[in-house]
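Undergrad: Here it is, the structure in full.
What follows draws every value from the coordinates through simple rules; no lab data is involved. If you're wondering where the values come from, they're calculated on a predicted model, not measured in any experiment. As a convention, Cβ positions derive from the backbone with ideal geometry for all residues, glycine included, and neighbour counts pool all protein chains shown.
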Amino acid sequence: MVEGVNANSNSDIAADVVNGIVTDAVAVGSDIVHDMASGKEVFWLNDKLESVVPMSEMAGRKFVYIRAAQNRLLRFMPYIEKMFPETAGRKGIIESELLVIPEFSDEIKRHNPDFAGRILLKDDAHLPIAGSVKARGGIYEVMVHAESLAMKAGLLKATDNYGKLDSAECRELFAKHTIQVGSTGNLGLSIGIMSSKLGFNTIVHMSADAKAWKKELLRKNGVTVVEYEGDYSSAVAQGRKLSAENNMSYFIDDENSEDLFLGYATAALRLKVQLFKAGIPVDETHPLFVYLPCGVGGAPGGITYGLKQIFGDCVHCFFAEPVGAPCFTLGMATGRKSDISIYDIGLDGVTIADGLAVGRASELVCEAMESLVSGSFTVCEDKLTEYMRLMYQKEDVFLEPSACAGIQGLLLQSGEKMKDYIRKHELTDCMVDSTHLVWATGGGLVPDEVRADMLGLTQKDM
Ligand SMILES: *Cc1c(COP(=O)(O)O)cnc(C)c1O
């Protein structure tokens, strides 16, 4: 059922698009750009990857920044526990499980007999509150803002029990302020839910590809949803502009936010503990491969930064994008980073992976990843659906299509390109002891009827 990577059927894209726009717009990296423009799957390896020392300065950022972010999350635990009862089991820590997926792993290995190593799933689809990886970055940045306002107003000290953020004084303060964000859906959900819970006026600027149920859920939470006909970048641009016109408004900028990035990065500290508790080593002879779905790049970028800080050269991070919106791969393979968009090569950004439907990658993330990311690859639409169904059938874990993109990384193991990477990094002999972590980034809040529809089931089958 699952096969190795091959070209898909979109190659009927007009040759003049490829030969005209592509060669005009892109002088370097043109083989891979040509394939991307034709809708083919690609696999890019980063030849600027550098060796790093854990807990040192990396990509201009110190390790202590992650610790500081972690400490802020700890300070917020009493508030989170009080306001979001689903987090009570972890005392207000917003974290997901590290899952062993034996049946799914067997299926992968059956079709790829050379696959060596252990397969795990990081189940961020079931992160509390937001049901996606955005619960890490989005909620964290709202915390940063709320804490700073409350401290400036003299209502909060770092040593207080943060449960007091639900007090009348704090709520009154937050009600005078607005938080805005542009989103394809999931970031809006995480920020919208957290920000309205604290009592902020919240406005989410949604792109055309955002799903109806996400808009509905936000409105139910008291969030103002503004809809745009354009794509994600135009929703962000509008939100940024409207927020700038209001001096009581704070804009959470998915394309440039250091706070989001650090919120995502804290995942690495938690993962380290989870791996340790599961008795899974990560060291020179036990490499860890991680496959992360990528939209604008913030989530996979922040997590990669965190993982490199913890595991250094023993972790190998790869980003996964849909063939319809490969903005990160395009930016990195051409060296143009955020100065090139998928529209420049004739793509339209249409994909069932709505969480990844982004035309232009984040500049901040491209810069930071230049020395840290091992590579990136793209996945065709049919496979996203196939992976989604297979995961549900085999493991009873529902993931949204975006969240399945990383699964392709497992299949790449049998290809020549990955074998080259493994040889180059002298890992051939330790691949039997390797761990492959698929980061499943979302799907937990998808309503049952939408799920059934995506899986091609009727509701009573579920
Ligand atoms: C947003 C999102 C991603 C990727 O995050 P970026 O920061 O946009 O790169 C991956 N998967 C899902 C489900 C998402 O919602």
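Undergrad: Counting other beta carbons within 10 Å of each Cβ, put HIS126, HIS425 in order, fewest first.
TA: Working: HIS126 20, HIS425 15.
Taking fewest neighbouring Cβ atoms as first place, the list is HIS425, HIS126.
Undergrad: Moving on. Tell me, in nm to one decimal, what length is gained between GLU258 and ASP433 on full extension, where the rule is 0.36 nm per residue of separation less the Cα-Cα distance?
TA: Details: separation 175, 0.36 × 175 = 63.00 nm, distance 3.48 nm.
Difference between extended and current length: 59.5 nm.
Undergrad: Which loop-located GluC sites (Glu not before Pro) does the range 46-107 contain, where loop means any DSSP state but H, G, I, E or B and the Cβ has at most 14 other Cβ atoms within 10 Å?
TA: On the way: sites: GLU50, GLU57, GLU81, GLU86, GLU95, GLU97, GLU103, GLU107; in loops: GLU50, GLU57, GLU95, GLU97.
Here the GluC sites (Glu not before Pro) that fit, given the DSSP loop and packing criteria, are GLU50, GLU57, GLU97.
Undergrad: Further question: Once label points are set 7 Å from the Cα along Cα→Cβ at both ARG118 and THR159, what is their separation, rounded to one decimal in nm?
TA: Placing both labels 7 Å beyond Cα along the Cβ direction yields 4.3 nm.
Undergrad: Ranked highest first by average number of other Cβ atoms within 10 Å, how do 283-295, 163-175, 427-439 line up? Can you show the working numbers first?
TA: Working: 283-295: 23.1, 163-175: 16.2, 427-439: 19.0.
Ranked by mean Cβ neighbours within 10 Å, highest first: 283-295, 427-439, 163-175.
Undergrad: Would you order PHE84, PHE328 from fewest to most other beta-carbon atoms within 10 Å of each residue's own beta-carbon? Each step should come with its number before you reach the end.
TA: Numbers: PHE84 17, PHE328 31.
So the ranking, lowest neighbour count to highest, is PHE84, PHE328.
Undergrad: Collect residues whose amide H, placed 1.01 Å from N in the peptide plane, falls under 5 Å from the amide H of LEU120; neighbours closer than 5 in sequence don't count.
TA: Amide H to amide H, under 5 Å and 5 or more residues apart or across chains, LEU120 pairs with HIS436, LEU437, VAL438.
Undergrad: How big is the dipole moment of the range 166-227 about its Cα centre under a simple scheme where the beta carbon of each Lys and Arg is +1, that of each Asp and Glu is -1, and everything else is neutral? Debye, nearest 20, please.
TA: Numbers: 8 positive and 6 negative charges, 30 e Å.
My answer is approximately 140 debye.
Undergrad: Of LYS62/LYS241; LYS109/LYS394; LYS82/LYS197; LYS82/LYS220, which pairs sit farther than 22 Å apart, going by alpha carbon to alpha carbon? Show your work: numbers first, answer last.
TA: Working: LYS62/LYS241 31 Å; LYS109/LYS394 14 Å; LYS82/LYS197 11 Å; LYS82/LYS220 20 Å.
Going by Cα-Cα distance, LYS62/LYS241 fall outside the 22 Å limit.
Undergrad: Now a separate question. Please give, to one decimal in nm, the separation of the simple spin-label points placed at GLU370 and ILE93, each 7 Å out from Cα toward the Cβ.
TA: Inter-label distance under the simple model: 3.6 nm.
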